[in-house]
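Chemist: Here it is, the structure in full.
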Amino acid sequence: MTLRQGKMLLDEIEGLALEVTEHQYKIQPDLMQRYGKPGFEKSRRDTVYTLHYLAESVRMDSPSLFVHYVGWLKQLLAGYGLTEADIRTKLELILDRVRASEKDEWTDRTIRILNRGIARTVEAGEVPSFLNKEHSLGAESRMYLDALLSGDRVGANTLIDQLIERGETIRDIYRYIFQASQYEVGRLWQTQQISVGDEHYCTAATQGTMSRLYARWLGTERQSRKGTLVSACVGGEKHEIGLRMLTDVFEMEGWDTHYLGTSIDEDKLMDLIAQRKADIVALSATMTFHVRLMKKLIANLRADERTADALIMVGGLPFNVDPLLWQRVGADGYAPDAEGALAEAERLTANRRRRERVRGQTGTAAEEEGGQGLGS
Ligand code: B12
């Protein structure tokens, strides 16, 4: 296998995953005894995932994306009785194939990133609980999640009402209760302590609770606005709660917001960004294999004169794993969470206004100096 021209890898992933899985089952015949044919199919599918993560890390030149994935995989597969050695064997089989294939411009980087992943298999690093009573609203977030996990949505809503009555802000409830409990739900699912049904229930209940809170803060009158935000998830991304929270925080802070959620067609997104004259475009990706779509979308936004002026911010899990990734996708800014996003948007727009003022004062001379990189 080689990772030639990006496209080659994706063309070859399915075949390569089958080849590697067959080889692993040959040298570890106990796997068939332990997991049977369904286990083989699951292993093949996991290998497809692994190769997608590897490909994305190589394309973005971001070893930490792959290293993080291997750490995540280790914790996930431990729940199925698979060991570090099983994962290492799989990665070494992929490495053998990369080494055996014709060398091209991606080979050295692929080997380097695979070796980092292999090293990660033997490092410790279980993800601790996201709910900690030392954190702000830590005890309350535990009570909220416990209520949901016992199927008590009404109890969870009552708790939120009580918190608001005692003076907690909706922004803090978003951050310390909803976000923290959603992260914990993910960890519990990954370590097989709760089912996918539990995860769906908690997620739907939290979305319901957020909607219930709108009556408390979403105004009907438009006051003077700080700017216009258009927000959307990219590609086949299904994780949308984080972006929705971010959009709500902007709206609470006086921005005019247009939240488009998931599955928005790229042309329609570009039309809308142009129509709404967006000051900031916020793009979200959680799954690493959507990062390259983000890069492509940003290039298209820059190339279209209707949208070229919008300041683009990105965020989501891969950007939190590799805090320099935002630059590689060509964005103007990034933040790890909703509150940080607001501060970054205000910084970017203030910088732009300052530059425009300078340009207005000095005319073409400043224009010539100004160059690209608005606000960064
Ligand atoms: C709920 C959930 C789902 C739901 C999503 C429903 C929905 N309507 O959103 C469903 C069931 C669809 C789902 C599916 C999957 N999921 Co899921 N999911 C989650 C879970 C538990 C919570 C997500 C969430 O609500 N987070 C809370 C929000 C508030 O946090 P956030 O997204 O990080 O957003 C904040 C910041 O990142 C930032 N931010 C976000 N966007 C932006 C944008 C900009 C511009 C800026 C500046 C900042 C910013 O600000 C936000 C607010 O503070 C996470 C766990 C986790 N750690 O997030 C797993 C998780 C993300 N899922 C995971 C997985 C594996 C999957 C699936 C592959 C499972 C499967 N086998 O099918 C699929 C993939 C689907 C897809 N193609 O997108 C893994 C990913 C692991 C990895 N290594 O990549 C996680 C981490 C779970 C885990 N611990 O294993 N999932």
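The values are calculated or read from the model by the stated rules, or taken from the named source; none is laboratory data. Because the structure is predicted, anything quoted here is derived from the model rather than measured. A quick note on method: Cβ atoms are made from the backbone with ideal geometry, for glycine too, and the neighbour counts reach across all protein chains shown. These area figures cover heavy atoms from the full protein model, side chains too; ligands, DNA and RNA do not enter into them. Shrake-Rupley method; radii C 1.70, N 1.55, O 1.52, S 1.80 Å.
For (1) at pLDDT below 95; (2) away from the ligand (no atom under 14 Å from the Cβ), each residue gets a yes or a no:
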residue	(1), (2)
TYR53	no, no
ARG59	yes, yes
HIS68	no, no
LEU77	yes, no
TYR80	yes, no
ARG88	no, yes
GLU92	no, yes
GLU105	yes, yes
ASP108	yes, yes
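Chemist: Hey, ALA345 hits all of (1) surrounded by 22 or more Cβ atoms within 10 Å (Cβ to Cβ); (2) without any contact (Cβ under 8 Å) to a residue 60 or more places away in the chain but one; which does it fall short on?
Modeler: (2)
Chemist: Additional query: For segment 256-268, which residues satisfy the criterion of being surrounded by fewer than 21 Cβ atoms within 10 Å (Cβ to Cβ) and in contact (Cβ under 8 Å) with a residue 24 or more places away in the chain?
Modeler: ASP256, HIS258, TYR259, LEU260, GLY261, THR262, SER263, ILE264, GLU266
Chemist: Right, here's the next one. Could you run through segment 299-333 and say how many residues are of a type outside the set (A, V, I, L, M, F, W, C), touching a strand residue (DSSP E or B) at 6+ places or on another chain (Cβ under 6 Å) and either open to solvent by 40 Å² or more (accessible area, probe 1.4 Å) or not in a strand (DSSP E or B) (or both)?
Modeler: Here the count works out to 2.
Chemist: Considering segment 58-76 alone, what residues qualify as being in a loop (DSSP other than H, G, I, E, B) and open to solvent by less than 20 Å² (accessible area, probe 1.4 Å)?
Modeler: MET60, SER62, listed by residue number.
Chemist: If you don't mind, another one. Taking segment 190-218, which residues are crowded, with 16+ Cβ neighbours inside 10 Å and closer than 19 Å to ARG153 by Cα?
Modeler: Listed by number, the residues that qualify are ILE194, ASP198, GLU199, TYR201, CYS202, THR203, ALA205, THR206, THR209, MET210, LEU213.
Chemist: Can you find even one residue in segment 202-218 that is outside any helix (DSSP H, G or I) and under 17 Å from TYR259 (Cβ atoms)?
Modeler: yes
Chemist: If we keep just the residues of segment 190-208 that are of a type in the set (Val, Ile, Thr) and under 21 Å from the mean Cα position of the chain (by Cα), which is nearest to the ligand (Cβ to nearest atom)?
Modeler: Among them, the one singled out is THR203.
Chemist: Being of a type in the set (S, T, N, Q), outside the structural domain of SER181 (by TED's automatic domain parsing) and within 25 Å of VAL329 (Cα to Cα) narrows it down to one of THR107, THR47, so name that one.
Modeler: That would be THR107, the only listed residue that is of a type in the set (S, T, N, Q), outside the structural domain of SER181 (by TED's automatic domain parsing) and within 25 Å of VAL329 (Cα to Cα).
Chemist: Considering segment 254-279 alone, what residues qualify as being within 14 Å of the ligand (Cβ to nearest atom) and among the acidic types (Asp, Glu)?
Modeler: Matches in segment 254-279: ASP279 only.
Chemist: Residue check, CYS233 against (1) modelled with pLDDT under 95; (2) in contact with a Ser or Thr (Cβ under 6 Å, 6 or more places away or on another chain), all met but one. Which one?
Modeler: The failed condition is (1).
Conditions (1) more than 19 Å from the chain's Cα centre (by Cα); (2) closer than 25 Å to PHE319 by Cα; (3) not small (Gly, Ala, Ser), marked per residue:
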| site | (1), (2), (3) |
| --- | --- |
| LEU218 | yes, no, yes |
| ALA232 | no, yes, no |
| LYS238 | no, yes, yes |
| GLU253 | yes, yes, yes |
| ILE264 | no, yes, yes |
